[in-house]
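Shown next, in structure tokens, is the structure this report addresses.
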Amino acid sequence: MATNELLARRQRLLGKNISLFYENPVHIVRGQGVWLWDAEGCKYLDCYNNVPHVGHCHPAVVEAICKQAATLNTHTRYLHNGILDYVERLVATFEPPLSTAILTCTGSEANDIALRMAQAVTGKTGIIATDSTYHGNTSAVSQLSTRMPPIGGHLDHIRHVPAPDSLRPESGNGAGTAAGFADNTRRAIEALQQSPHGFSALILCPYFANEGFPDLPAGFLDETVLAVREAGGIVIADEVQPGFGRTGGHMWGHQRIGLTPDVVTMGKPMGNGHPVAGVVASQEIMSEFRGAFRYFNTFGGNPVSCAAAAAVLNVLEAEDLLTNAASVGAYTRAGLERLAERHPCLGDVRGHGFFFGTEVVTDRETMTPDPGRAGQIVDAMREEGVLMGKTGMHGNTLKIRPPMPFSNANADLMLETLGRILDSLE
Ligand code: PMP
């Protein structure tokens with residue numbers, strides 16, 4: 001079926017205004033490792049997708065899912081070792097006291113629970129998030145997003161602080177500096193404390209992934225975290241994007257920056273595409289939550305999900321993919337830096353492991369974001385068979401975030417294609 005027919009069918013059946021990547025959308029029918037194939041048999045190098053974390057259709061994950069689906073799938077109101085074996089392995093990747101988990105189906109649900117944990121622990125409801133974030137799509141967590149303001153405006157218990165912008169550190173009351181970010185947070189805490197809501201939690205992605213993964217110095221959040229704790233609030237780390245070794249070397253984004261969160265949420269890569277997500281917290285916070293809310297999730301933690309998630313951990317270990325993300329990530333980043341030397345539209349190069357990119361700007365003197373040019377680059381790459389994306393508070397950051405088995409040869413192909421496209425656009 002031709003692309004325009006598929007688009008019309010999609011619109012008729014799914015409604016209008018559903019987001020779709022690329023001017024010329026891709027109709028993918030098959031995936032394997034870091035590769036995707038479209039309906040015409042054209043092959044694409046996947047430099048974007050983090051959900052197929054250990055590679056598209058990894059045979060070990062497919063086998064684990066099939067085997068468990070053929071044996072039993074039910075919910076967590078029966079005893080089953082699958083969830084216990086998995087949670088035991090999962091919490092072993094955290095520092096104490098993070099030792100218990102609730103499994104859900106989506107990152108949104110996980111964040112929704114985290115907000116309720118904060119309420120249970122503090123007895124308050126006020127939440128602080130950054131002004132360029134996304135934490136999910138339930139009614140509660142979509143309030144945290146500023147991209148599409150909720151009908152009726154943001155509820156009064158939500159306060160946004162400017163996201164750090166490492167290329168423009170003075171913007172947002174100095175939000176790109178540790179002291180500026182902490183000051184903004186302190187002001188938001190005080191405002192909440194003076195409101196009927198009080199202050200319960202700061203929620204943030206320790207990599208500021210949706211904000212455009214700014215390049216921040218070690219210890220950037222230390223003063224902020226101190227302010228949150230002094231005010232009796234908790235810190236929620238949303239690891240949906242940086243988790244499971246994405247940033248190379250470390251399993252979790254908060255470990256990379258030395259942050260100690262009270263609650264951690266995760267999702268996307270956890271089941272390699274199978275819908276499994278979760279929340280990790282201490283015994284104490286979990287007990288407060290269970291005391292305050294009756295929570296059950298029909299599909300969360302089912303044996304098939306746990307088999308998929310366990311297989312992902314197996315493959316991460318067996319193929320040493322955290323090390324791969326660190327070493328191939330550094331190799332690719334160095335190649336991007338060489339490209340940036342030749343192309344003044346690349347404002348900087350930043351990121352860690354397999355989550356990196358570059359800000360597309362009009363020029364390096366003003367560093368004015370150029371989201372239009374970023375879109376042209378991403379579309380041209382797609383036409384050349386390399387899939388990447390763009391993100392960030394200015395919509396101009398090229399987002400390169402491939403499946404974890406990405407190799408130096410894959411990086412060479414991506415860099416060579418990007419170089420050619422930048423030459424042709426200049
Ligand atoms: N948190 C972050 C940081 C995300 O980027 C996303 C999804 N893009 C979510 C939460 C929501 O996850 P899900 O789509 O699985 O609900």
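Any idea how many residues of segment 164-210 are aliphatic (A, V, I, L, M) and touching a Phe, Trp or Tyr at 6+ places or on another chain (Cβ under 6 Å)?
4
Could you grab me the full set of residues in segment 113-161 that are among the hydrophobic types (A, V, I, L, M, F, W, C) and in contact with a strand residue (DSSP E or B) (Cβ under 8 Å, 6 or more places away or on another chain)?
113, 114, 115, 117, 118, 121, 127, 128, 129, 144, 158, 161
Among the residues of segment 124-142 satisfying the criterion of being hydrophobic (A, V, I, L, M, F, W, C) and free of Cβ contacts under 8 Å to residues at least 60 places away in the same chain, which is farthest from the ligand (Cβ to nearest atom)?
140
Which of the following residues is farther than 30 Å from residue 267 by Cβ, surrounded by 16 or more Cβ atoms within 10 Å (Cβ to Cβ), at pLDDT 95 or above and out of contact with any Ser or Thr (no Cβ under 7 Å at 6 or more places or on another chain): 340, 308, 380, 334?
Exactly one of 340, 308, 380, 334 is farther than 30 Å from residue 267 by Cβ, surrounded by 16 or more Cβ atoms within 10 Å (Cβ to Cβ), at pLDDT 95 or above and out of contact with any Ser or Thr (no Cβ under 7 Å at 6 or more places or on another chain), namely 380.
Return yes or no: is residue 245 out of contact with any strand residue (DSSP E or B) (no Cβ under 9 Å at 6 or more places or on another chain), on the phi > 0 side of the Ramachandran plot and either away from the ligand (no atom under 16 Å from the Cβ) or outside any strand (DSSP E or B) (or both)?
On the way: out of contact with any strand residue (DSSP E or B) (no Cβ under 9 Å at 6 or more places or on another chain): yes; on the phi > 0 side of the Ramachandran plot: yes; either away from the ligand (no atom under 16 Å from the Cβ) or outside any strand (DSSP E or B) (or both): yes.
When the stated conditions are applied, residue 245 passes them.
Is segment 62-82 home to any residue that is basic (Lys, Arg), at pLDDT 95 or above and part of a strand (DSSP E or B)?
Among the residues of segment 62-82, not one is basic (Lys, Arg), at pLDDT 95 or above and part of a strand (DSSP E or B), which makes the answer no.
Return the residues of segment 70-90 that are open to solvent by 30 Å² or more (accessible area, probe 1.4 Å), closer than 14 Å to residue 279 by Cα and either among the hydroxyl-bearing types (Ser, Thr, Tyr) or in contact with a Cys (Cβ under 9 Å, 6 or more places away or on another chain) (or both); say none if nothing qualifies.
83
Being at pLDDT below 95, open to solvent by 10 Å² or more (accessible area, probe 1.4 Å) and part of a loop (DSSP other than H, G, I, E, B): is that true of residue 232 here?
In short, no.
The values are calculated or read from the model by the stated rules, or taken from the named source; none is laboratory data. Everything quoted here is computed from the prediction, not taken from an experiment. Note: ideal-geometry Cβ built from the backbone for every residue, glycine included; neighbour counts use all protein chains shown. To get the accessible areas, we keep the full protein, side chains included, count just its heavy atoms, and leave off ligands, DNA and RNA. Shrake-Rupley method; radii C 1.70, N 1.55, O 1.52, S 1.80 Å.
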